[in-house]
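Reading through the C-alpha cells given below for one structure.
Values quoted throughout were computed directly from the atomic coordinates according to the rules given, and no laboratory measurement underlies them. Note that the structure is a prediction, hence the values are computed from the model and not measured. So basically every Cβ, Gly included, is an ideal-geometry build from the backbone, and we count neighbours across all protein chains shown.
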There are 2 protein chains.
Amino acid sequence: MQSNNLKSQFLLREGITYLNFGAYGACPKPIFERYQQYQLELEQEPVQFIAGNGMRYLKESREALAAYLNCLPNDVVYVTNPSYAVNIVAKSFPFKEGDEVLTTNLEYGACDRTWNYYCDKKGAKYLRQKIQFPLQSKEDFIEQFFKGLTSKTKMVFISHITSSTGLRLPVEEICAMAKQKGLLTFVDGAHAPGQIPVDLRILQADFYTGACHKWMLTPKGSSFLYVTKERQGMCDPLLISWGYNSATPSHSQFLDYHQTQGTRDFSAFLTIPAAIDFMNENNWPAVAENCRTITLSNADRFCKLLNAEPLCYNKEDFIFQLCSTVIKAKQPEQLHRLLFDKYKIEIPVMMLEGMTLLRYSIQAFNSQEDLDVLYYALKDIVEKTSLIEV
Amino acid sequence: MQSNNLKSQFLLREGITYLNFGAYGACPKPIFERYQQYQLELEQEPVQFIAGNGMRYLKESREALAAYLNCLPNDVVYVTNPSYAVNIVAKSFPFKEGDEVLTTNLEYGACDRTWNYYCDKKGAKYLRQKIQFPLQSKEDFIEQFFKGLTSKTKMVFISHITSSTGLRLPVEEICAMAKQKGLLTFVDGAHAPGQIPVDLRILQADFYTGACHKWMLTPKGSSFLYVTKERQGMCDPLLISWGYNSATPSHSQFLDYHQTQGTRDFSAFLTIPAAIDFMNENNWPAVAENCRTITLSNADRFCKLLNAEPLCYNKEDFIFQLCSTVIKAKQPEQLHRLLFDKYKIEIPVMMLEGMTLLRYSIQAFNSQEDLDVLYYALKDIVEKTSLIEV
C-alpha cells in the first residue's frame, strides 16, 4: 500500500513496467518541482543567483549530503556523474611507469576506459582481476580479488555495487586490507547511496564517488566526489577554470578546483536536501527493505525459469535492490527491444565478459506484480521464440 | 515598442535595471518552457529518452545550430560552456617543448588559466600579447597583435568579442593571416553568436567555441565546440567515457568522443531550435541593430561623465551590444555592490590589466531609459562619494 502511494509521487508514465531504475534513476515530483523552481529563480536574476543565493544553496546542499554520507562538507564536491569523478582522479593520479591499479572485471565500461586511457599515457597498468561465478561468499570474493595484487599495485578501484551484476561487493573489508598493504582505495558507489547506507567515516576509502541521480532520487547530472583531506592536493581539476590559481581563493582549494566549472545550470546539485527530506518523510529504510524483499524473493524464480546458475550464494550479502540473472540470449538487443515493444517492460539486457545478464531494479514504485509481468513475458518468449535458450 | 513587447517575454524580475546580459544571458519564456518540457519528458521514461527520443532531438538540435553557424552538423558538438571547449583543445594540443600559443592580454581568465596549465605541463608558452588602448582601427589592432608572433608560434587563440572590453576583434583578418603563416587558429566566440553573425565557413578557423546561453538566449550550460574535419582527430575527450574506444562506434568519432559524457540532463542542448525560432519570429537582426544603436549612441556620454578615454575609435568596427568604459574606482567590488543595493542596477565592474571597466550590455529587454538610470546613478555617486575619481 505504501508502494502504491509512493508510485503516484513519481513522474514515470503509465503503461510501462519500469524495471530499470538502476540506469538513470527516476525523480519524484516534489524533488523535480524543486529542481525546476531553482532554474526559474536562476533565470529571474542570473547574476544574483549564480554568484549569490545559488552559492548559498550549494553550500547547504553539500552540508546536507555530507551529513547523509557521514563526512565533512569540505571533503565532498558535486560533479555531473561518477564518470566525471573517476576522470578527475585518474587524470591526476601520479603514476610511475609500471604502477598498477587493481580492479575487477565487473567494473563500469566508462570507468575501465578512463583508467585505460590514463594508464596508457603514463606507462601504468589497469589490472582487471577476473572474478569467477557463482560467488560462494564475501570471503570467496575477497580472496579472488586479491589474487591480482602485485608488488606494483598502487591503488584499488572497485564498485560498491556493480552495474551489470547488481552485486554489492565487500568494499569495507577490501579497503581495510588495501590500507594495511599501503594502497590507495577508490570506491565507485554509483549505485550505492540511497540503495544501501554509505558511511564514509567507517569505510575510510581515500576516494569515493556516488550518483545522487540514481538511488538518491535527484534529477540527472547530480553526483559527488569525496576525497580525504590528505589526498585532495593530488587532484587537479578536470576542467581548468577560475578556481585554478584563483585570484580570490576560498578556504578550500578542493572546492575551488572542482566546483568552479564555468557557466552551467547547477540546479540538480541543489535538490539533494529535498531528496533527503523526501526519503525521511517516507521512511525510506522501510521502503528500501520492502523493495529488497521483493528483489531477493524473486531471484531463484528467474534462475529456474532461465535455467541459470545464480551469480552468488549467500544472497543476503550481495543483493539489495538490483538482481541480475544470466540469460542465454544470442541477440540481446533484439530481446531488449521485444521486451519493450511487445510487453512494455523496460529492463536492460547487458553483456559482461561473455555473459548476457538480465537485470531488474526494484524501487518504491515497483511491486511483485511487475516481476510477475516480467516472468510471464520471459516464459512466453522462451516458449514461442528462439531468442532465449534454456 | 518592439522592445517593450519583448521585455514581457523574459523571466527577469521587475525592479532591477539589468545591464549585465553579457554575464549569463537571460532566457525568454518560450525557450525556458521548452527546456523544462524536455526535462519532464526525460523523467517520464528516462531510458527511452536518453537512448532514444533525446538522441534524436539532440541530432536535430545540432543540425539547426550547424545551419545557423554555416557549418556541417558533424563538425559541431554541444559542450557545457566555452571553458569546456577550450579545455578539450588545450588538453589535446600536441605541444612540443618551446611551442607558443599567441593570444592577447584581453582574454577570459578561465581560458588563460587553461592554456597556462597545459602549456606549463608540456614546456610550451602561452604568450599574451599586450594591446594598447585606445585602438585606432582594426589595422592598429592587427598590427599590435602580430608583434607577438615568433618562429615558435603554433597557434593563435583569440576572442571574437572579448568579455571585459566588449570589443569585437578583427578575427577574420587575423585567421586569414595566421593561416598564411601556417598557424592553427582558435576563436573564442563566447559572446558572438546571437550578438553578431557567425559564419564558420567564411571564418575558416580550425577551432571555434561559442556560448548559446548568452546571446542565443538558451538556458545555462549550452555551448558548442566546432572543429574542422582535419583537426578533429587531434581532440581527445575531456571526459573519457563510453565513446572512447566505443564498442558501437557511430559515423563520427568526434561525436562519440565529445557528446558521450555519462548521465546528465542535456535538455539545455535541445533548446537551440526553439531559440533560433524565437529569434526568427521576432526579427532578431532588427532587434540586435536597435540594441546596438542604443549601445553605440551612449558610449561617448559615459566616457565624458567618467572623464575616460574610449577603448577604441572607429566604434562601428568594435562595438555591438556590449560597451565598456574605463572607470577610476579604487574599490570596484564596493562600487558594484552600491550600484546594485542602492540603485538596483545589475552591471559588472571588472578588472583588466590594471584598468577597471564598467560594462553595459544592451539586450531586447533594455531601453535608453536603463542607460539613463545608470548615468544618473553614476553621476550621483561621483558627486556624493569618493568611490569614483573623475
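A few remarks follow.
- Pseudo-label separations to other copies for B:Glu230 - Cα-to-Cβ vector, 7 Å, nm: 5.2
- Note on segment B:239-358: Kirkwood radius taken over Cα pairs, Stokes-Einstein applied at 20 °C and 1.002 mPa s, translational D equal to 114 µm² s⁻¹.
- Structural descriptor for segment B:252-325: relative contact order 29 percent, calculated from alpha carbon pairs under 8 angstrom and at least 6 residues apart.
- Partner lysines for B:Lys91 [C-alpha distance under 17 Å; skip if fewer than 8 residues away on the same chain]: A:Lys91, A:Lys121, A:Lys122, B:Lys121, B:Lys122, B:Lys125, B:Lys154
- Selection of GluC sites (Glu not before Pro), segment B:1-51, meeting DSSP coil and at most 15 other Cβ within 10 Å: B:Glu14
- Whichever aspartates and glutamates have a C-alpha closer than 20 Å to that of B:Lys147, once near sequence neighbours (fewer than 8 apart) are set aside: B:Asp99, B:Glu100, B:Glu107, B:Asp112, B:Glu139, B:Glu172, B:Glu173, B:Glu353
- Rounded to 0.05, the FRET efficiency of the B:Lys342 and B:Glu289 pair, given R0 = 30 Å and the Cβ-Cβ distance, is 0.35.
- Kyte-Doolittle mean at least -1.0, axial Cα span of 18 Å or more - DSSP H helices of chain B: B:54-69, B:284-306, B:368-384
- Quotient of Cα Rg and 2.2 N^0.38 Å for segment B:313-390, N being how many residues it contains: 1.11
- Listed residue (A:Ile158, A:Cys323, A:Leu305) projecting farthest to the positive dipole end of chain A, Cβ model: A:Ile158
- Within 10 Å of each Cβ in A:234-241, the average number of Cβ atoms from other chains: 6
- Shielding by partners - mean other protein chain Cβ count within 10 Å, residues of A:31-39: 3
- Each semi-axis of the equivalent ellipsoid for segment A:129-206 is √(5λ) with λ an eigenvalue of the Cα gyration tensor; in descending order they amount to 19, 17, 10 Å.
- Here chain A is treated with +1 on each Lys and Arg Cβ and -1 on each Asp and Glu Cβ, and its dipole about the Cα centre works out to around 680 debye.
- Residue of chain A nearest the A-to-B rotation axis [by Cβ], rounded angstrom distance: A:Gln36, 3
- Dipole of segment B:227-357, positive direction: furthest Cα of B:Tyr343, B:Ala288, B:Ser241, with charges on the beta-carbon: B:Tyr343
- Value of relative contact order over chain A, rounded to a whole percent, pairs C-alpha under 8 Å and six or more apart: 22 percent
- Cα shape, segment B:179-238, gyration tensor, a/c 1.5 rule: oblate
- The alpha-carbon atoms of segment B:98-245, seen along their principal axes, cover 49, 39, 27 angstrom, with the largest extent given first.
- Under conditions of 20 °C and 1.002 mPa s, the protein assembly as shown yields 77 µm² s⁻¹ as its translational diffusion coefficient, taking Rh as the Kirkwood radius over Cα pairs in the Stokes-Einstein equation.
- Between B:Leu135 and B:Cys312, B:Tyr313, the built amide H atoms are under 5 Å apart, and every one of these is 5 or more places off in sequence or on another chain.
- Computed as a quarter of the hull surface, the mean projected area of the alpha carbon convex hull for chain B stands at 19.3 nm².
- Amide H within-cut-off set for B:Thr153, under 5 Å, with H built and near neighbours excluded: B:Glu100
- The charge dipole of the protein assembly as shown, taken about its Cα centre with unit charges on the Cβ of Lys, Arg, Asp and Glu (plus for the first two, minus for the last two), comes to roughly 1140 debye.
- Across peptide A:18-29, the average count of Cβ atoms from other chains found within 10 Å of a residue's Cβ is 3.
- Among A:Ser223, A:Ser297, A:Ser163, the residue with the largest mean-square fluctuation in a Gaussian network model of chain A, with springs joining Cα atoms closer than 10 Å, is A:Ser297.
- The lysines whose alpha-carbon is closer than 28 Å to the alpha-carbon of B:Lys304, local same-chain residues fewer than 8 away aside, are B:Lys130, B:Lys138, B:Lys315, B:Lys328, B:Lys330, B:Lys342, B:Lys344, B:Lys379, B:Lys384.
- Spin-label pair B:Ser250/A:Thr248, simplified geometry with 7 Å Cα→Cβ offset, distance in nm: 3.9 nm
- A:Lys384/A:Glu14 FRET efficiency (R0 30 Å; Cβ-Cβ; nearest 0.05): 0.70
- Percentage relative contact order, segment A:261-383, counting C-alpha pairs under 8 Å, at least six apart: 24 percent
- Residues whose amide H comes within less than 5 Å of that of A:Thr185, counting only those at least five positions distant or on another chain, are A:Val156, A:Asp206, A:Phe207 (H built at 1.01 Å from N in the peptide plane).
- Across the identical copies, how the A:Val390 labels are spaced - nm, sorted shortest first, 7 Å along Cα→Cβ: 8.8
- The charge dipole of segment B:39-195, taken about its Cα centre with unit charges on the Cβ atoms of Lys, Arg (+1), Asp and Glu (-1) only, comes to about 640 debye.
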